[in-house]
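The values are calculated or read from the model by the stated rules, or taken from the named source; none is laboratory data. None of these values were measured; they are calculated from a predicted model. When we count neighbours, we look across all protein chains shown, and the Cβ atoms used for this are built from the backbone with ideal geometry, even at glycine. Side chains are part of the model used for accessible areas, which takes the heavy atoms of the whole protein and leaves out ligands, DNA and RNA. Shrake-Rupley method; radii C 1.70, N 1.55, O 1.52, S 1.80 Å.
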Amino acid sequence: MHVFCVLFQECSKKQKNDDTQSTSVDALSSNDGFEEKNEFHTLADAKILLSDCLACDNCMTSEEGARVFQQNQKELFRILNLNKKCDTSKHKVLAVSICPQSLPYFAAKFNLSVNDAAKRLCGFLKSLGVHYVFDTTIAADFSILESQREFVQRYQRRNQEEHALPMFASACPGWIRYAERVLTNLVTSHICTAKSPQQIMGSLVKGYFARQQNLSPDKIFHVIVAPCYDKKLEALREDFYTALYNSQEVDCVLTSGEIVQIMEQKNVSMKDVTEVAVDSLFDEIKEGDVVRHDGKRSDGYLEHIFKHAAKELFGMDVKEITYKALKNKDFQEVTLEKDGETVLRFAAAYGFRNIQNMVLKLKKGKFLYHFVEVLACPGGCLNGKGQAQTEDGKPDKALLNQMEEVYAAIPVRLPETNVHVQKMYQDWLEGVDSKKVQETLHTKYSAVNQTASNLDIKW
């Protein structure tokens with residue numbers, strides 16, 4: 001989904017949607033001096049379309065804009081070419097982490113099973129020169145577990161702390177940027193502090209994995225393959241930067257569609273690629289079959305937190321969740337009844353129109369929900385602008401339906417049952433309630449100062 005524009009009185013997101021013209025920006029040239037022809041030369045001339053990426057180029061500072069545009073195929077090729085040079089001191093270990101919502105795109109687009117798609121995507125990336133290919137599901141495990149714990153703690157403090165509830169999910173960077181730039185303190189104190197799966201994966205790769213491999217974090221170049229462009233902006237956040245190593249947790253984000261562009265320009269078909277098992281963060285173990293979390297089109301924060309809270313707070317085992325659609329299919333609620341009383345009320349709000357309605361209720365003091373899973377994209381993460389689009393920039397509904405079927409068929413694994421996660425809590429993070437857990441898996445969201453007129457944007 002688009003990052004929400006915050007610097008115009010009239011939202012230019014709407015204007016962009018009505019505008020049939022796209023603004024094209026050349027991918028920035030690298031500064032490493034390697035300008036000679038090479039096997040990646042033609043690929044390095046890839047373009048970024050602003051209409052596909054951001055609502056408008058005024059959502060960001062000029063510095064942010066330049067850094068976002070550096071996150072394209074050319075940056076990946078720069079590292080690949082660097083690694084072909086004889087000066088090994090400049091070589092980087094290239095690691096790519098793939099989001100769970102990207103795999104159904106490759107499976108549906110190339111008519112593969114999701115397990116075959118994962119292995120063939122891994123094989124293609126390694127044929128380019130990538131060293132490690134990871135699945136970010138384990139990072140979502142951590143994010144969900146931390147969100148579950150935080151919700152229970154907030155619920156127990158709800159009578160003592162004004163901003164304890166409601167709690168809003170923190171996994172969507174488009175929503176987070178809008179909250180920080182426009183909604184400010186009205187909302188930011190309610191956002192869960194758990195990092196998104198992308199950024200937890202950054203901590204795992206640049207922290208845990210780097211230590212296992214005896215590597216300095218700055219010697220790893222970490223790429224995320226994601227469904228949406230807003231992830232590029234999230235990777236640039238200052239709180240995800242380690243000054244000691246001059247290193248971001250995530251160095252570059254490429255959308256699923258950008259990976260397909262590389263395949264097309266290299267004239268490679270996914271069906272012709274050799275299958276290679278996806279790597280694990282743990283020694284020489286390889287990943288098994290693809291698994292997912294509860295939730296039809298996202299990482300399932302609502303379902304996992306709801307079931308966990310029902311058990312921890314009210315001693316109730318909830319096996320199946322019943323969604324009640326409200327104004328539309330992207331605004332649904334779930335409730336828990338005990339002794340004739342509604343004790344938990346959760347909601348899923350996808351797409352800006354539903355987010356706007358939710359915020360209006362909060363402003364009016366008519367907010368009934370304890371937790372809301374907020375996602376900027378209508379339809380959830382599978383419908384990210386970086387993958388489920390036709391060539392003219394419109395949603396590819398047929399492809400999206402296929403992706404939803406593929407995703408729904410993936411087996412569910414509860415994060416609590418991941419033995420690697422439990423072991424890492426003890427061996428790497430020094431216990432579930434440790435200071436290191438807070439430093440590694442959590443962050444803070446706060447209002448970003450804008451001009452006073454920005455706060456009354458007419459959508």
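Could you look through the range 298-351, keep only residues that are in contact (Cβ under 8 Å) with a residue 40 or more places away in the chain and touching a His at 6+ places or on another chain (Cβ under 7 Å), and pick out the one that is surrounded by the most Cβ atoms within 10 Å (Cβ to Cβ)?
Applying the filter and picking the extreme gives Asp299.
How do the helices (runs of 4 or more DSSP H) wholly within the range 94-179 filter down when requiring 1 or more residues that are in the same structural domain as His420 (by the TED database) and of a type outside the set (Phe, Trp, Tyr): which remain? Can you show your working first?
Values: elements: 103-109, 114-128, 137-156, 173-178.
So the answer is 137-156, 173-178.
Report yes if some residue within the range 266-275 is open to solvent by 50 Å² or more (accessible area, probe 1.4 Å) and either within 30 Å of Lys436 (Cβ to Cβ) or in contact with a strand residue (DSSP E or B) (Cβ under 6 Å, 6 or more places away or on another chain) (or both); otherwise report no. Reasoning before the result, please.
If we filter the range 266-275 for residues that are open to solvent by 50 Å² or more (accessible area, probe 1.4 Å), which is where we start, we get 266-267, 271-272, 274-275.
Keeping just the survivors that are either within 30 Å of Lys436 (Cβ to Cβ) or in contact with a strand residue (DSSP E or B) (Cβ under 6 Å, 6 or more places away or on another chain) (or both) gives none.
No, every residue in the range 266-275 fails to be open to solvent by 50 Å² or more (accessible area, probe 1.4 Å) and either within 30 Å of Lys436 (Cβ to Cβ) or in contact with a strand residue (DSSP E or B) (Cβ under 6 Å, 6 or more places away or on another chain) (or both).
What are the residues in the range 109-119 that are open to solvent by 40 Å² or more (accessible area, probe 1.4 Å) and either acidic (Asp, Glu) or within 14 Å of Glu287 (Cα to Cα) (or both), if any?
Asn115, Asp116, Lys119 - these are the residues of the range 109-119 that are open to solvent by 40 Å² or more (accessible area, probe 1.4 Å) and either acidic (Asp, Glu) or within 14 Å of Glu287 (Cα to Cα) (or both).
Filter the range 253-287 down to the residues that are in a loop (DSSP other than H, G, I, E, B) and of a type in the set (Gly, Ala, Ser), then identify the one that is nearest to Tyr105 (Cα to Cα). Spell out how you get there, then give the answer.
Here is the first cut: in the range 253-287, the residues in a loop (DSSP other than H, G, I, E, B) are 266-269, 273-278, 280-285, 287.
Now narrow it down to the ones that are of a type in the set (Gly, Ala, Ser): 269, 277, 280.
On the way: Ser269: 15, Ala277: 18, Ser280: 22 Å.
Among residues in the range 253-287 that are in a loop (DSSP other than H, G, I, E, B) and of a type in the set (Gly, Ala, Ser), the one nearest to Tyr105 (Cα to Cα) is Ser269.
Considering Lys266, Lys307, Lys296, Lys311, which residue is modelled with pLDDT under 90 and charged (D, E, K, R)?
Within the list Lys266, Lys307, Lys296, Lys311, the selection yields Lys296.
Tell me yes or no: at least one residue of the range 203-221 is buried (at least 23 other Cβ atoms within 10 Å of the Cβ), under 30 Å from Asn354 (Cβ atoms) and either under 15 Å from the mean Cα position of the chain (by Cα) or of a type in the set (Val, Ile, Thr) (or both).
Checked against the condition, which is being buried (at least 23 other Cβ atoms within 10 Å of the Cβ), under 30 Å from Asn354 (Cβ atoms) and either under 15 Å from the mean Cα position of the chain (by Cα) or of a type in the set (Val, Ile, Thr) (or both), the range 203-221 yields no hits at all.
For every residue, the table says whether it meets (1) touching a helix residue (DSSP H, G or I) at 6+ places or on another chain (Cβ under 7 Å); (2) open to solvent by 60 Å² or more (accessible area, probe 1.4 Å); (3) at pLDDT below 90.
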residue	(1), (2), (3)
Asp392	no, yes, yes
Gln402	yes, yes, no
Val412	no, yes, no
Val421	yes, no, no
Tyr425	no, no, no
Glu430	yes, yes, no
Lys435	no, yes, no
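Take the range 415-431 and flag every residue that is without any contact (Cβ under 8 Å) to a residue 12 or more places away in the chain and hydrophobic (A, V, I, L, M, F, W, C). Can you show your working first?
Restricting attention to the range 415-431, the residues satisfying the condition of being without any contact (Cβ under 8 Å) to a residue 12 or more places away in the chain are 417, 419, 422-423, 426-427, 430-431.
Val419 - this is the single residue of the range 415-431 that is without any contact (Cβ under 8 Å) to a residue 12 or more places away in the chain and hydrophobic (A, V, I, L, M, F, W, C).
Does Asn354 meet the test of being free of Cβ contacts under 8 Å to residues at least 60 places away in the same chain, buried (at least 16 other Cβ atoms within 10 Å of the Cβ) and assigned to a helix (DSSP H, G or I)?
Spelling it out, Asn354 is indeed free of Cβ contacts under 8 Å to residues at least 60 places away in the same chain, buried (at least 16 other Cβ atoms within 10 Å of the Cβ) and assigned to a helix (DSSP H, G or I).
Kindly evaluate Lys232 against the criterion of being of a type in the set (Lys, Arg), open to solvent by less than 10 Å² (accessible area, probe 1.4 Å), in contact (Cβ under 8 Å) with a residue 60 or more places away in the chain and in contact with a Cys (Cβ under 9 Å, 6 or more places away or on another chain). Walk me through how you get there before you give the answer.
Numbers: of a type in the set (Lys, Arg): yes; open to solvent by less than 10 Å² (accessible area, probe 1.4 Å): yes; in contact (Cβ under 8 Å) with a residue 60 or more places away in the chain: yes; in contact with a Cys (Cβ under 9 Å, 6 or more places away or on another chain): yes.
Against the criterion (of a type in the set (Lys, Arg), open to solvent by less than 10 Å² (accessible area, probe 1.4 Å), in contact (Cβ under 8 Å) with a residue 60 or more places away in the chain and in contact with a Cys (Cβ under 9 Å, 6 or more places away or on another chain)), Lys232 qualifies.
Can you list residue pairs whose Cβ atoms sit under 6 Å apart, with the first residue in the range 269-280 being more than 18 Å from Thr137 (Cβ to Cβ) and the second being open to solvent by less than 50 Å² (accessible area, probe 1.4 Å) and of a type in the set (Phe, Trp, Tyr)? Count only pairs 6 or more apart in sequence or on different chains.
Matching pairs, first to second residue: Met270/Phe110; Val273/Phe124.
Sort through Ser127, Ser170 and tell me the only one that's out of contact with any Gly (no Cβ under 6 Å at 6 or more places or on another chain), surrounded by fewer than 17 Cβ atoms within 10 Å (Cβ to Cβ) and of a type in the set (Ser, Thr, Tyr).
Ser127
For the range 437-459, how many residues meet the condition of being within 20 Å of Pro197 (Cα to Cα) and modelled with pLDDT under 80?
Total meeting the criteria: 0.
Within 20 Å of Pro166 (Cα to Cα) and of a type in the set (A, V, I, L, M, F, W, C): does that describe Leu313?
The answer is yes for Leu313.
Consider Asn83 carefully, then state whether it is open to solvent by 30 Å² or more (accessible area, probe 1.4 Å), at pLDDT below 95 and in contact with a Lys or Arg (Cβ under 9 Å, 6 or more places away or on another chain).
Answer is yes for this residue.
Within the range 310-336, track down each residue that is assigned to a strand (DSSP E or B) and more than 19 Å from Lys361 (Cβ to Cβ).
Residue satisfying the conditions is Leu336 alone.
Please verify whether Lys363 is open to solvent by 60 Å² or more (accessible area, probe 1.4 Å) and touching a helix residue (DSSP H, G or I) at 6+ places or on another chain (Cβ under 8 Å), treating the condition exactly as stated.
yes
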